[in-house]
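Let me begin by presenting the structure, written as structure tokens, before commenting on it.
The values are calculated or read from the model by the stated rules, or taken from the named source; none is laboratory data. The structure presented is a predicted model; accordingly, all values stated were derived computationally and were not measured. These area figures cover heavy atoms from the full protein model, side chains too; ligands, DNA and RNA do not enter into them. Shrake-Rupley method; radii C 1.70, N 1.55, O 1.52, S 1.80 Å.
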Amino acid sequence: MATLLRGVGRPLCAFRGSPGPSAGVPLRAVSHGAGLLYPEHIPTSLLQKVLLAAGSAGMALYNPYRHDMVAVLGETTGHRALKVLRDQMKRDPEGAQILQERPRISLSTLDMGKLRSLPEGSFGCAYLHFLDVNKFHQDASLFHQWEIHQGDLLQKVSPDTRAPTRFVDDEELAYVIQRYREIHDMLHTLLGMPTNILGEIVVKWFEAVQTGLPMCVLSALFGPIQLSAQSLQLLISELIPWAVENGRRAPCVLSVYYERRWEQPLQALRQELGITEPPLRVEGLV
């Protein structure tokens with residue numbers, strides 16, 4: 001038993017202890033050492049994946065701000081959903097181009113000067129505004145940082161705060177889940193959702209419908225336990241139906257080459273994707 005637990009613990013210790021790769025480096029099917037499919041790959045057996053999934057699920061439910069555990073849960077339970085998403089991307093010309101070129105979203109790949117020069121109302125301007133409002137800064141750590149702001153819990157976000165993929169044993173699927181993580185802030189921008197607890201739950205409902213990832217479903221179902229009675233009522237009566245409807249209507253959001261849509265008006269992109277305005281503003285609600 002001790003040997004088994006040590007075998008399971010090694011991948012998780014490596015996950016927490018080693019730094020992530022440069023987000024400017026695309027994931028590719030090249031040799032990265034014995035059994036490694038991409039730079040940060042940690043090969044695991046089926047038993048190890050099951051135990052990692054159970055442990056990370058428990059930790060993520062106990063403390064939703066353990067984004068390292070949320071990442072492990074997504075990677076160890078999402079194989080089937082990731083294959084579906086990969087196939088959807090391959091059937092879409094823009095999505096297939098993304099899979100071929102493997103773009104990454106990071107401080108090193110974003111042209112911040114260009115984003116700041118874009119006109120008001122453009123998607124790129126709205127995305128930059130989202131980063132600015134949520135305390136984007138050059139020294140962002142690997143995971144989200146949190147602060148209390150006017151009685152609400154807000155995330156400090158940066159393009160570099162997404163955990164690197166480690167436990168997916170297919171380099172193409174590893175890129176799919178990495179892309180999902182890196183466009184998360186774009187979805188906040190498109191949906192008009194802040195990074196408070198309520199806003200994150202609404203985005204997770206949209207992502208759950210869009211991706212089918214068990215991690216998204218779990219977050220959408222159990223995240224609301226943190227809400228006040230007033231916010232919970234608004235979530236159930238208005239925001240969840242809106243998020244689900246938009247998630248069903250929109251095409252696969254992973255198939256949008258966001259880096260080439262900066263100049264596009266935000267409203268035009270929303271209309272293209274079938275995303276409507278939220279039924280109410282959720283800033284300040286918890």
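Per 0.36 nm of contour for each residue apart, how much would the distance between VAL244 and GLN267 grow if the chain were fully extended, relative to their Cα-Cα spacing?
Stretched out fully, the VAL244 to GLN267 stretch lengthens by 6.3 nm.
Can you give me the relative contact order of region 172-286 as a percent, contacts being Cα pairs under 8 Å and 6 or more apart?
RCO, region 172-286: 36 percent.
Taking 0.36 nm per residue of separation and subtracting the Cα-Cα distance, what length does fully extending LEU280 through MET112 add?
On the way: separation 168, 0.36 × 168 = 60.48 nm, distance 3.04 nm.
The span from LEU280 to MET112 would gain 57.4 nm if fully extended.
Give the long-range amide H neighbours of SER122: residues separated by 5 or more places, or on another chain, with amide H under 5 Å away, using H modelled in the peptide plane at 1.01 Å from N.
LEU266
What is the percent carbon and sulfur in the accessible area of region 214-268, measuring with a 1.4 Å probe over the protein chains and ignoring ligands?
62
So if each residue of separation counts as 0.36 nm, and I subtract the Cα-Cα distance between SER237 and ASP170, what length gain in nm does that give? Please list the in-between numbers first.
Working: separation 67, 0.36 × 67 = 24.12 nm, distance 3.98 nm.
Result for the pair: 20.1 nm of gain on full extension.
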